[in-house]
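Asks: For reference, the structure I am asking about is given below.
The values are calculated or read from the model by the stated rules, or taken from the named source; none is laboratory data. Note that the structure is a prediction, hence the values are computed from the model and not measured. Here the Cβ positions follow ideal geometry from the backbone for every residue, glycine too, while neighbour counts run over all protein chains shown.
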Amino acid sequence: MKISLVGLSGCGKTSIYSTTFGGMTPLEVKDLGPTVMYEVKSHNYLGIQVSLWDFGGQEKYRQSYLETPKLLANTSILVFVLDLHHPENFDIANEYFDNVYSAIKEQGGDPRIKIFYHKYDTEEYTKEALEENLSKAKQLPFIVKYTPREFLTSVYRQEELSDFLKQILIADFDELKKSVEGAQEFLSKLKSKIIITDVNGNVITHNIEGFATGIQLREDLREYIFACNVLRENFLTSESGSFSASSEAKKLKVYIYNYVLTVLIMMDEHEPADPQDSINELLKEMELFAELLVEMSSEE
Ligand SMILES: Nc1nc2c(ncn2[C@@H]2O[C@H](COP(=O)(O)OP(=O)(O)OP(=O)(O)O)[C@@H](O)[C@H]2O)c(=O)[nH]1
Ligand SMILES: [Mg+2]
């Protein structure tokens, strides 16, 4: 699946990528320089191979994509990023969208369009101006014409931004969507801190407030899962396995199902525990979810 991130220079494309998939903080992206040409990053998300194309938005590069439209070919999802802090560029953005979209069409593509009204935050900007620019943006000809799915985005709302990207990634897969929603519902009823990821450390869902770290799990936990997964493969030689770590007060359990899905459960002796039945019910569901993921990846 090819996702193309497109928009004018400085609108925030690389920042969006870096704070969700790339594990950077909003402060760190302040120092990013303009992207030279384009950058392609590949990710395996729930068994789907995703390539994210971040197309640098400086004028010289914009022109070169239109001269070499093959670069834009095979885009399944076109995410157009519009900078809400720079309404003076809306018209140029509108024209750029039209050109990019036509180029993709000419290459035989029919991408789904998403619009990110980006920098929807009041860091160095007033609420009034932001709202005024937003209503202006919504009247841009390409928005009115194509009525793309709209998202209000900001790198300062990292968790929400990651959620939007996850939604976009699984939107095509109904069964997957159902399983993810099922998992979310289960987690909302449990008191233990639980994170569900794939074995690559992409977070699918969790119930830990303030955990917000983008799409990737934090590094130490990710490394722990990798290590468990190697043990599963070489030592347990089975498709699934469970591992646990504990100290006096804390306990961490890791379940790996069908070599693709991981459930991390963190328990603290000072917090009330969930009945084992509820945990087992969740684990059973996640086992089924893992089977679905394996089926999906073998269908490709
Ligand atoms: N306030 C605010 N600033 C942001 C946000 N996202 C990005 N920025 C800032 O916008 C600037 C440009 O961001 P980039 O991600 O480099 O922009 P880009 O679209 O990749 O630019 P090109 O690579 O030239 O096309 C950075 O200084 C970021 O700190 C946001 O959500 N809110
Ligand atoms: Mg960039």
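For (1) buried (at least 18 other Cβ atoms within 10 Å of the Cβ); (2) touching a Ser or Thr at 6+ places or on another chain (Cβ under 9 Å), each residue gets a yes or a no:
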position: M24; (1), (2): yes, yes
position: L27; (1), (2): no, no
position: K30; (1), (2): no, yes
position: W53; (1), (2): yes, yes
position: Y65; (1), (2): yes, no
position: P69; (1), (2): no, yes
position: I77; (1), (2): yes, yes
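Asks: Moving to a separate point now. Which residue is surrounded by the fewest Cβ atoms within 10 Å (Cβ to Cβ), if the candidates are limited to the stretch 3-22 and must be away from ligand 2 (no atom under 13 Å from the Cβ) and at pLDDT below 95?
Replies: F21
Asks: Ok, one more. Can you tell me which of P87, P69, P111 is over 27 Å from L152 (Cβ atoms) and not polar (S, T, N, Q)?
Replies: Just one listed residue meets the conditions, P69.
Residues are listed down the side, and each one gets a yes or a no for (1) over 16 Å from D83 (Cα atoms); (2) of a type outside the set (V, I, T); (3) in the same structural domain as K70 (by TED's automatic domain parsing); (4) within 8 Å of ligand 1 (Cβ to nearest atom):
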{"position": "K13", "(1), (2), (3), (4)": "no, yes, yes, yes"}
{"position": "S18", "(1), (2), (3), (4)": "yes, yes, yes, yes"}
{"position": "M37", "(1), (2), (3), (4)": "yes, yes, yes, no"}
{"position": "V50", "(1), (2), (3), (4)": "yes, no, yes, no"}
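Asks: Further question on the same structure: Which of the residues spanning the stretch 46-98 are touching a residue at least 12 places away in the same chain (Cβ under 8 Å), basic (K, R) and within 16 Å of ligand 2 (Cβ to nearest atom)?
Replies: Scanning the stretch 46-98 gives a single hit, R62.
Asks: Can you pull out the residues in the stretch 114-154 that are surrounded by fewer than 12 Cβ atoms within 10 Å (Cβ to Cβ) and of a type outside the set (K, R)?
Replies: E123, E124, T126, E128, S135, Q139, V144, T147
Asks: Still on this model: As an exercise: evaluate I3 against (1) outside any strand (DSSP E or B); (2) more than 7 Å from ligand 1 (Cβ to nearest atom) and give the number of the one condition it does not meet.
Replies: Of everything listed in (1) outside any strand (DSSP E or B); (2) more than 7 Å from ligand 1 (Cβ to nearest atom), I3 misses just condition (1).
Asks: Okay, next question. Before we move on, is A93 of a type in the set (G, A, S), farther than 25 Å from V29 by Cβ and either modelled with pLDDT under 95 or buried (at least 17 other Cβ atoms within 10 Å of the Cβ) (or both)?
Replies: no
Asks: Residues in the stretch 87-123 that are under 25 Å from the mean Cα position of the chain (by Cα) and over 16 Å from Y146 (Cα atoms): how many?
Replies: Qualifying residue count for the region: 6.
Asks: Another question, if that's okay. If you check L27 against the conditions, is it closer than 30 Å to E287 by Cβ and away from ligand 2 (no atom under 16 Å from the Cβ)?
Replies: Here the answer is no, as L27 does not meet what is asked.
Asks: Something else: F151 passes all but one of (1) among the hydrophobic types (A, V, I, L, M, F, W, C); (2) in a helix (DSSP H, G or I); (3) under 17 Å from the mean Cα position of the chain (by Cα); which number fails?
Replies: Unmet condition: (2).
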